[in-house]
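Peer 1: What follows is a single structure, and I will ask about it in a moment.
Rule-based calculations on the coordinates, nothing more; no lab input. All values reported here derive from a predicted model rather than from experimental measurement. Note that we place each Cβ from the backbone using ideal geometry, even for glycine, and neighbour counts take in every protein chain shown.
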Amino acid sequence: MASFLSRQLRRLVPLTWLLAPLAVLGYGPTATAEPANAPAAVSGEQEEQSKQDPGEKWVRLRTDKKQKPQAMETAIVRYVKADDVEPGKAPSEYKQYVDLVGAVHVGDRAYYDKLNRRFRKYDAVLFELVAPEGTEVPRGRGTSNANPLGALQNGMKSVLELEHQLEHIDYSQDNMIHADLSPEDFFESMEQREETFANMYFRMMGASMAMQSEQAAKGENANIDFMSALFSEDRSRMLKIAMARQFESMEQLLTSIGGPKGSTLITARNERALDVLEEQLDEGVDRIAIFYGAGHLAEMNDQMAERFDMKPISVEWVEAWDLRE
């Protein structure tokens, strides 16, 4: 029995590690903030991270002085027109701006409550949802297990003792604007790019193997971390810590699913969101947020400069997962 369980865990752990960034940070919901409170002292490594330019990093694991994990956080980065940037001017003093808000699709209830309060302050919040135009999202609706990634999100919600984004974000506010592909557009884009879910999976598998090799060279082993967490008395917290460590490397993994022209999951959906952003800016809307999975935002950051000539001027970190003992 023990050997059978061990074999199943060895199969389960790499698969979970491979798909978790896609489910939690990248793919987002389908139709079938304020700064974190009283942040603890950060490590020396994170002090170096804080010196990075806004837009370079979208997820981080915050630790205390003893290197104990405190929280997984996502970034909110503010962009303004490059010609409007004034040295010393506070981010809140700009009349027109765009905030890229990194979403975690399963998180703490307090995380979604903070985002709801923040979203009420924008003139427009562009959100991701692969659904037909005009779809209304009633609060508390959740996601269906009929969708494979939705089922994975629901499973992770249960195991990690977290909440689902669709259950707690209030999409009924007048300033919430759908900015994503319809299912028909989604599959049409996949056909045009000659994509299948199978080839995307194998691209991710290849990238995950490369990342595992890099980690092994550093003396790290994600599989051991996950398996240790599964047998821990504090299982949900230890699993969250193990996953949070991997999410810091998510960009390489999520980028791997795209070919030379990018991917439908990331690139095509980003293009649709930025098309909607362009419409809002042309209409003179001033305070805009784009609320998308954190895995989308590295590529979107590049487009903000290339397409809109906008520059990141500030970053705020919002606590998505509480990892304290």
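Peer 1: How many nm is it between the label spots at Gln96 and Ser158, if each spot is 7 Å from the Cα in line with the beta carbon?
Peer 2: Roughly 4.9 nm, to one decimal.
Peer 1: How far is it, in nm, from the label point at Asp275 to the one at Tyr201 when both lie 7 Å from their Cα along the line to the Cβ?
Peer 2: Output for this residue pair reads 2.9 nm.
Peer 1: Any lysines with Cα under 17 Å of the Lys157 Cα? List them, leaving off those in the same chain fewer than 8 positions away.
Peer 2: Lys240
Peer 1: Would you mind counting up the charge near Pro87? Only other residues with Cβ under 13 Å from its Cβ, with Lys and Arg at +1 and Asp and Glu at -1. Don't jump to the answer; show the numbers that get you there.
Peer 2: Values: positive: Lys89, Lys311; negative: Asp84, Glu86, Glu93.
Local charge sum for Pro87: -1.
Peer 1: Right, something else. In nm, to one decimal, how far is the modelled label at Thr135 from the one at Arg117, with both set 7 Å along Cα→Cβ?
Peer 2: 3.0 nm
Peer 1: In the neighborhood of His178, defined by Cβ-to-Cβ distances under 11 Å, what is the net charge if each Lys or Arg adds +1 and each Asp or Glu adds -1? All intermediate terms of the calculation are to be shown ahead of the outcome.
Peer 2: Details: positive: Arg272; negative: Glu128, Glu133, Glu136, Asp180.
Counting the neighbours of His178, the net charge comes to -3.
Peer 1: Can you tell me which lysines have their Cα less than 23 Å from the Cα of Lys121? Leave out same-chain residues fewer than eight positions away.
Peer 2: Lys81, Lys89, Lys95, Lys311
Peer 1: Report the paramagnetic label zone for Ala110: residues of the range 297-325 whose backbone N is under 18 Å from a point 7 Å from Cα along the Cα-to-Cβ axis.
Peer 2: The answer is 317-325.
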